[in-house]
């Protein structure tokens with residue numbers, strides 16, 4: 001997907017908050033081999049690398065546009081590369097992913113694969129948005145099913161693969177994981193109005209739709225914006241962003 005780093009960064013401080021909660025779950029040890037899946041523009045991967053003494057950290061992302069920005073944060077213990085997180089190779093002491101696994105399908109198979117890439121005693125730490133039932137996402141899917149967009153999109157609809165916290169717990173347990181931590185947290189963001197929510201999702205949830213809408217993107221946004229104003233007329237507006245965080249270790 002053609003990611004826009006500038007659009008994504010319009011709410012950088014709000015998007016960063018879950019990263020620091022996820023970072024608290026990391027067992028800080030020296031000399032780790034670390035991969036950050038979906039590293040984006042690299043600022044937070046730099047924070048991760050600076051937190052882990054004498055560790056070798058790799059940031060992996062599928063977007064050349066994001067990695068172009070990330071290059072500025074490269075250093076002796078941090079490098080970035082293009083790749084598919086769902087096809088991760090190698091073996092790692094820490095597999096870390098902040099707000100990226102939601103773009104890969106079949107999370108049961110995905111977690112099984114990622115867990116198999118951990119070294120003995122290694123740790124998996126993940127945060128994924130679980131906001132797919134918020135009205136903004138429901139209206140995206142509703143509008144995508146309406147003409148002319150249904151035909152333009154050829155029936156495309158993005159259904160989030162994110163599972164419940166119970167399901168993530170079960171999958172990790174069945175992998176023989178230790179020290180399992182799984183929880184959901186709501187981050188209450190105060191935004192100016194419903195248009196600000198449109199701006200937010202334009203950098204994330206709407207990206208795969210934009211890719212397929214082409215010249216009809218602005219018309220789609222106008223219809224969606226009208227629906228959002230009707231559904232959420234308040235100003236300022238509470239945007240309760242729900243996220244799932246989990247951590248687990250492979251037995252030594």
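Bear in mind that the values in this text are calculations on the coordinates, not laboratory data. Owing to the predicted nature of the structure, the values given are computational and were not obtained by experimental measurement. Neighbour counts are summed over all protein chains in view; Cβ atoms, including those assigned to glycine, are modelled from backbone coordinates with ideal geometry.
Is there a residue being touching a residue at least 12 places away in the same chain (Cβ under 8 Å) and in contact with a strand residue (DSSP E or B) (Cβ under 6 Å, 6 or more places away or on another chain) anywhere in region 142-158?
No, region 142-158 contains no residue that is touching a residue at least 12 places away in the same chain (Cβ under 8 Å) and in contact with a strand residue (DSSP E or B) (Cβ under 6 Å, 6 or more places away or on another chain).
When only residues in region 222-241 that are in contact with a helix residue (DSSP H, G or I) (Cβ under 7 Å, 6 or more places away or on another chain) and under 13 Å from residue 196 (Cα atoms) count, which is surrounded by the fewest Cβ atoms within 10 Å (Cβ to Cβ)?
Going residue by residue through region 222-241, those that are in contact with a helix residue (DSSP H, G or I) (Cβ under 7 Å, 6 or more places away or on another chain) are 223-225, 227-229, 231-232, 237, 239.
Adding the requirement that they be under 13 Å from residue 196 (Cα atoms) leaves 224-225, 228-229, 232, 237, 239.
Values: 224: 24, 225: 15, 228: 22, 229: 13, 232: 19, 237: 17, 239: 20.
Within region 222-241, the match that is surrounded by the fewest Cβ atoms within 10 Å (Cβ to Cβ) is 229.
Does residue 219 meet the test of being touching a helix residue (DSSP H, G or I) at 6+ places or on another chain (Cβ under 9 Å), without any contact (Cβ under 8 Å) to a residue 12 or more places away in the chain and in a helix (DSSP H, G or I)?
Working: touching a helix residue (DSSP H, G or I) at 6+ places or on another chain (Cβ under 9 Å): yes; without any contact (Cβ under 8 Å) to a residue 12 or more places away in the chain: yes; in a helix (DSSP H, G or I): yes.
Answer is yes for this residue.
Exactly one condition in (1) under 25 Å from residue 213 (Cβ atoms); (2) more than 18 Å from the chain's Cα centre (by Cα) is false for residue 112; which is it?
(1)
Is it fair to say residue 117 is touching a strand residue (DSSP E or B) at 6+ places or on another chain (Cβ under 8 Å) and free of Cβ contacts under 8 Å to residues at least 40 places away in the same chain?
So residue 117 passes the test.
Looking at residue 85, is it free of Cβ contacts under 8 Å to residues at least 60 places away in the same chain, within 28 Å of residue 208 (Cα to Cα) and within 14 Å of the chain's Cα centre (by Cα)? Working first, answer last.
Values: free of Cβ contacts under 8 Å to residues at least 60 places away in the same chain: yes; within 28 Å of residue 208 (Cα to Cα): yes; within 14 Å of the chain's Cα centre (by Cα): yes.
So residue 85 passes the test.
So residue 189 passes all but one of these: (1) within 30 Å of residue 124 (Cβ to Cβ); (2) loosely packed, with under 13 Cβ neighbours inside 10 Å; (3) touching a residue at least 40 places away in the same chain (Cβ under 8 Å). Which condition number does it fail?
Every listed condition holds for residue 189 apart from (2).
Scanning region 242-252 for residues that are assigned to a loop (DSSP other than H, G, I, E, B) and out of contact with any helix residue (DSSP H, G or I) (no Cβ under 8 Å at 6 or more places or on another chain), which turns out surrounded by the fewest Cβ atoms within 10 Å (Cβ to Cβ)?
Initially, region 242-252 is screened for residues assigned to a loop (DSSP other than H, G, I, E, B), giving 250-252.
Pick out the ones that are also out of contact with any helix residue (DSSP H, G or I) (no Cβ under 8 Å at 6 or more places or on another chain) and you get 251-252.
Details: 251: 11, 252: 8.
Looking at the filtered set, the residue picked out is 252.
Just name the residue that is surrounded by the most Cβ atoms within 10 Å (Cβ to Cβ) out of those in region 159-183 that are in a helix (DSSP H, G or I) and without any contact (Cβ under 8 Å) to a residue 40 or more places away in the chain.
Checked region 159-183; the qualifying residue surrounded by the most Cβ atoms within 10 Å (Cβ to Cβ) is 170.
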